[in-house]
Amino acid sequence: MWRARFFQALPSIISDYPDAQFIFLTLTVRNCEVDQLRSHLDWMNKSWQRLIQRRCFPALGCIRTTEVTRSALGRAHPHFHAILMVNPDYFRYGYISQANWRLLWKDCLRVDYNPVVRIEAIKGKLGEVDSLDDEFLGGVCEVLKYSVKPQDLVVDKEWLEVVTTQLRKSRAVSVTGVFKQYISEKEPEDLIGEEQEPSEESSGTSVYFKWKQKVQKYCKLPN
């Protein structure tokens with residue numbers, strides 16, 4: 001559903017901000033017990049609010065999703081994926097290195113350890129929607145994927161039952177900045193749910209992807 005919403009909004013975003021740059025950001029915390037997942041997510045959401053309120057936070061618009069994976073020991077690993085749209089001169093003025101992102105997230109979490117943070121920038125002009133770079137589009141699919149990996153849903157029935165209870169009526173996605181003009185947020189919904197595809201009546205440019213097991217990423221299909 002969120003993937004469809006973002007792709008439906010993307011033509012308008014690019015039209016209004018043709019020179020903007022996009023960044024993929026992943027923010028993690030240490031694993032927690034599954035029955036503590038809801039309180040952990042509440043804490044992470046408060047930490048995220050502190051982060052986006054920092055003066056140095058560079059995003060003009062941002063969409064952030066929550067993913068929960070299962071560790072080898074059966075613990076929960078909650079983390080955030082985000083797509084940030086920044087000014088075209090971001091890499092010259094106001095650039096934040098991965099090390100500084102880690103310090104920022106650590107400070108917002110108010111923890112005494114160094115959380116794992118990953119940042120990936122897509123450089124260059126995006127141009128027209130129908131010629132968008134496969135790496136960018138595949139990255140969008142990766143960020144806006146299922147909140148719980150399908151393989152984790154079938155490994156441990158008891159784990160799934162607890163996770164389902166913990167995530168019930170939790171907000172899976174947060175939209176901030178100018179993205180709110182293009183992407184609407186509905187009421188809180190379960191983080192476990194099926195992705196809804198856009199209907200045939202939907203207007204705008206359609207872009208289709210397929211997961212390529214060999215390269216372990218989404219690739220755009222020809223129209």
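Criterion applied to C62, C108 was being more than 30 Å from K157 (Cα to Cα), in contact (Cβ under 8 Å) with a residue 24 or more places away in the chain and not in a helix (DSSP H, G or I), and the one residue passing it is C62. Regarding N45, is this residue surrounded by 15 or more Cβ atoms within 10 Å (Cβ to Cβ), out of contact with any strand residue (DSSP E or B) (no Cβ under 6 Å at 6 or more places or on another chain) and within 16 Å of F179 (Cα to Cα)? Here the answer is no, as N45 does not meet what is asked. Applying the set (1) surrounded by fewer than 19 Cβ atoms within 10 Å (Cβ to Cβ); (2) at pLDDT 70 or above; (3) under 13 Å from the mean Cα position of the chain (by Cα) to V175 leaves exactly one unmet item: (1). In region 1-33, the residue that is modelled with the lowest pLDDT out of those that are under 13 Å from the mean Cα position of the chain (by Cα) and among the β-branched types (V, I, T) is I23. Checked against (1) modelled with pLDDT under 85; (2) within 18 Å of the chain's Cα centre (by Cα), R118 passes all but condition (1). Among the residues of region 60-88, those that are within 9 Å of the chain's Cα centre (by Cα) and among the hydroxyl-bearing types (S, T, Y) comprise T65, T66. Residues in region 143-161 that are surrounded by 16 or more Cβ atoms within 10 Å (Cβ to Cβ) and at pLDDT 70 or above were compared, and the one that is farthest from I83 (Cα to Cα) is W159.
Mind checking which residues of region 6-27 are touching a strand residue (DSSP E or B) at 6+ places or on another chain (Cβ under 9 Å), more than 13 Å from M85 (Cβ to Cβ) and buried (at least 19 other Cβ atoms within 10 Å of the Cβ)? Once the filter is applied, which keeps residues that are touching a strand residue (DSSP E or B) at 6+ places or on another chain (Cβ under 9 Å), more than 13 Å from M85 (Cβ to Cβ) and buried (at least 19 other Cβ atoms within 10 Å of the Cβ), region 6-27 yields only L27.
If you go through region 127-134 one residue at a time, do you hit one that is modelled with pLDDT of 90 or more and loosely packed, with under 13 Cβ neighbours inside 10 Å? Before the answer, list the steps.
Residues of region 127-134 modelled with pLDDT of 90 or more: none.
No, the conditions are met nowhere in region 127-134.
Regarding region 64-77, can at least one residue be identified that is in contact with a helix residue (DSSP H, G or I) (Cβ under 8 Å, 6 or more places away or on another chain), within 30 Å of P18 (Cβ to Cβ), modelled with pLDDT of 90 or more and basic (K, R)? Taking every residue of region 64-77 in turn, at least one turns out to be in contact with a helix residue (DSSP H, G or I) (Cβ under 8 Å, 6 or more places away or on another chain), within 30 Å of P18 (Cβ to Cβ), modelled with pLDDT of 90 or more and basic (K, R).
Looking only at region 1-56, residues that are closer than 29 Å to L137 by Cα, touching a Phe, Trp or Tyr at 6+ places or on another chain (Cβ under 8 Å) and in a helix (DSSP H, G or I) come to 7 in all.
Here R38 does not qualify as buried (at least 21 other Cβ atoms within 10 Å of the Cβ) and either aliphatic (A, V, I, L, M) or more than 15 Å from S174 (Cβ to Cβ) (or both).
The values are calculated or read from the model by the stated rules, or taken from the named source; none is laboratory data. Note that this is a predicted model, so its numbers are computed, not measured. Ideal geometry is used to build each Cβ from the backbone, glycine not excepted, and the neighbour counts take in all protein chains shown.
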